[in-house]
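What follows is a single structure, written as structure tokens, with notes after it.
The values are calculated or read from the model by the stated rules, or taken from the named source; none is laboratory data. Computed from a predicted model, the values in this text were never measured in an experiment. Methodologically, a virtual Cβ is constructed for each residue, glycine included, from the backbone with ideal geometry; neighbour enumeration extends over all protein chains shown. Keep in mind that these areas ignore ligands, DNA and RNA; they rest on the heavy atoms of the full protein, side chains included. Shrake-Rupley method; radii C 1.70, N 1.55, O 1.52, S 1.80 Å.
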Amino acid sequence: SQVARDILVMLGVPAQRIEMEERSRTTCENAIESKAAIQPKPGEFWLLVTSASHMPRAMACFRAVGFPVAAYPVDYRTRGKADLWRPMGSVAAGLSAADLAAHKWLGLLTYWSAGKTAELFPGP
């Protein structure tokens, strides 16, 4: 997180406006710890920055703890619907993509079935 902080400061973001949470081990723990550290007040605007593939689970966790954030997904792995019909470069690349998708879908299902989130398929 220190590297991310340094980059943000280099880009002109004032250091005092950057909040980073470094104690959590899971997405839901991150939501809990972030809310406790930041103590968001009504009317404040907070961005949740994470990879696009992880954003649904992250949004579900932040909503579950009552921390209203706006999604800012990064690190997209596809170019949209057109990639559904484009073959992968290799079998290994296809298996890697399938593994990532399975991990994300099972994560959503696990958190929802454990009662950690209220939404199985959270939207933005």
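Contact map, segment 91-106: first residue under 16 Å from S51 (Cα atoms), second residue open to solvent by less than 70 Å² (accessible area, probe 1.4 Å) and outside any helix (DSSP H, G or I), Cβ cut-off under 8 Å, separation 6 or more or different chains; pairs are L100/S53; A101/S53; K104/S53; K104/H54.
Of T110, T50, T26, which residue is buried (at least 16 other Cβ atoms within 10 Å of the Cβ) and among the hydroxyl-bearing types (S, T, Y)? Outline the logic, then answer.
Numbers: T110 fails: buried (at least 16 other Cβ atoms within 10 Å of the Cβ); T26 fails: buried (at least 16 other Cβ atoms within 10 Å of the Cβ).
Only one candidate passes the filter, namely T50.
Kindly indicate whether I7 is surrounded by 10 or more Cβ atoms within 10 Å (Cβ to Cβ), modelled with pLDDT under 90, aliphatic (A, V, I, L, M) and farther than 26 Å from K116 by Cα.
Criteria not met by I7.
For segment 34-47, the criterion of being open to solvent by less than 40 Å² (accessible area, probe 1.4 Å), free of Cβ contacts under 8 Å to residues at least 40 places away in the same chain and aromatic (F, W, Y) is met by none of the residues.
Being part of a loop (DSSP other than H, G, I, E, B) and closer than 24 Å to L120 by Cα is a property that holds for R77.
A single entry from R23, R63, R79 fulfils the requirement of being of a type in the set (K, R) and within 14 Å of the chain's Cα centre (by Cα): R63.
Out of curiosity, is S53 among the hydroxyl-bearing types (S, T, Y) and in contact with a helix residue (DSSP H, G or I) (Cβ under 7 Å, 6 or more places away or on another chain)? Against the criterion (among the hydroxyl-bearing types (S, T, Y) and in contact with a helix residue (DSSP H, G or I) (Cβ under 7 Å, 6 or more places away or on another chain)), S53 qualifies. Taking every residue in segment 1-22 that is closer than 16 Å to T50 by Cα and without any contact (Cβ under 8 Å) to a residue 60 or more places away in the chain and pairing it with any residue that is of a type in the set (F, W, Y) and open to solvent by less than 70 Å² (accessible area, probe 1.4 Å), at least 6 positions away or on another chain, the pairs with Cβ-Cβ distances below 9 Å are E19/W46.
Residues checked against (1) at pLDDT below 95; (2) on the phi > 0 side of the Ramachandran plot; (3) in contact with a Gly (Cβ under 9 Å, 6 or more places away or on another chain):
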{"position": "G12", "(1), (2), (3)": "no, yes, no"}
{"position": "R25", "(1), (2), (3)": "yes, no, no"}
{"position": "I32", "(1), (2), (3)": "no, no, no"}
{"position": "A37", "(1), (2), (3)": "yes, no, no"}
{"position": "D83", "(1), (2), (3)": "yes, no, no"}
{"position": "A93", "(1), (2), (3)": "yes, no, no"}
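Filtering segment 80-110 to residues that are part of a helix (DSSP H, G or I) and basic (K, R) leaves K81, K104. Condition test on D75, is it among the acidic types (D, E), surrounded by 10 or more Cβ atoms within 10 Å (Cβ to Cβ) and touching a residue at least 12 places away in the same chain (Cβ under 8 Å)? Spelling it out, D75 is indeed among the acidic types (D, E), surrounded by 10 or more Cβ atoms within 10 Å (Cβ to Cβ) and touching a residue at least 12 places away in the same chain (Cβ under 8 Å).
Before we move on, is R63 at negative phi, of a type in the set (K, R) and crowded, with 19+ Cβ neighbours inside 10 Å? Before the answer, list the steps.
Values: at negative phi: yes; of a type in the set (K, R): yes; crowded, with 19+ Cβ neighbours inside 10 Å: no.
No.
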